[in-house]
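Colleague: Please find one structure pasted underneath; my questions will follow.
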Amino acid sequence: MLTGDVDTGRAILRDYIKATVGFEKLSEATATPAKSLVRMFGPRGNPQARNLFCVIGFLQKQAGIALHVAPQPR
C-alpha cells in the first residue's frame, strides 16, 4: 500500500482476513458490523484511517507480530 497500489493492498488485507480470523470475528473485535468490514475491504472500499488502524492492530495481535513504520533514507 505504501507504493501507491491501494487496490492490491486492500485485496491482500481482505484475503488475509478471510483466510485467518474471518469477518465475523473481526467484527466482534472491532465493534464494526461485518457487512461494513466486507465493504471496507471490497474493490470499491475506502476505509477511514481509524478503522484501518483498528483492523491492523487486531490482526497484529492475532498473528503475534508488530508492524513498525520507519522513514527510508533518501
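Colleague: Out of all the residues in the range 3-47, which are of a type in the set (Gly, Ala, Ser) and over 14 Å from Gly57 (Cβ atoms)?
Modeller: Gly4, Gly9, Ala11, Ala19, Gly22, Ser27, Ala34, Ser36, Gly42, Gly45, listed by residue number.
Colleague: Filter the range 2-24 down to the residues that are part of a loop (DSSP other than H, G, I, E, B) and not polar (S, T, N, Q), then identify the one that is nearest to Ser36 (Cα to Cα).
Modeller: Filtering the range 2-24 for residues that are part of a loop (DSSP other than H, G, I, E, B) and not polar (S, T, N, Q), the one nearest to Ser36 (Cα to Cα) comes out as Val21.
Colleague: Turning to a different aspect of this structure: If I filter the range 6-27 down to residues being free of Cβ contacts under 8 Å to residues at least 12 places away in the same chain and hydroxyl-bearing (Ser, Thr, Tyr), which single residue comes out as surrounded by the most Cβ atoms within 10 Å (Cβ to Cβ)?
Modeller: Ser27
Colleague: What residue, of Thr30, Thr3, is without any contact (Cβ under 8 Å) to a residue 24 or more places away in the chain and either under 12 Å from the mean Cα position of the chain (by Cα) or surrounded by fewer than 11 Cβ atoms within 10 Å (Cβ to Cβ) (or both)?
Modeller: Among Thr30, Thr3, only Thr3 is without any contact (Cβ under 8 Å) to a residue 24 or more places away in the chain and either under 12 Å from the mean Cα position of the chain (by Cα) or surrounded by fewer than 11 Cβ atoms within 10 Å (Cβ to Cβ) (or both).
Colleague: Could you check the range 43-74 and list, in sequence order, the residues that are surrounded by fewer than 12 Cβ atoms within 10 Å (Cβ to Cβ) and small (Gly, Ala, Ser)?
Modeller: Ala49, Gly64, Ala66, Ala70
Colleague: Of all the residues that make up the range 25-53, how many are assigned to a helix (DSSP H, G or I) and among the aromatic types (Phe, Trp, Tyr)?
Modeller: Matching residues across the range 25-53 total 1.
Colleague: Next question, about the same structure. Restricting the search to the range 41-74, which residues are touching a residue at least 40 places away in the same chain (Cβ under 8 Å) and over 19 Å from Thr8 (Cβ atoms)?
Modeller: Answer for the range 41-74, where residues must be touching a residue at least 40 places away in the same chain (Cβ under 8 Å) and over 19 Å from Thr8 (Cβ atoms): Gln62, Ala63.
A short reminder: the numbers here are calculations on the coordinates, not readings from a lab. Just so it is clear, the model here is predicted, and its values are computed rather than measured. Virtual Cβ from ideal backbone geometry, glycine too; neighbours counted across all protein chains shown.
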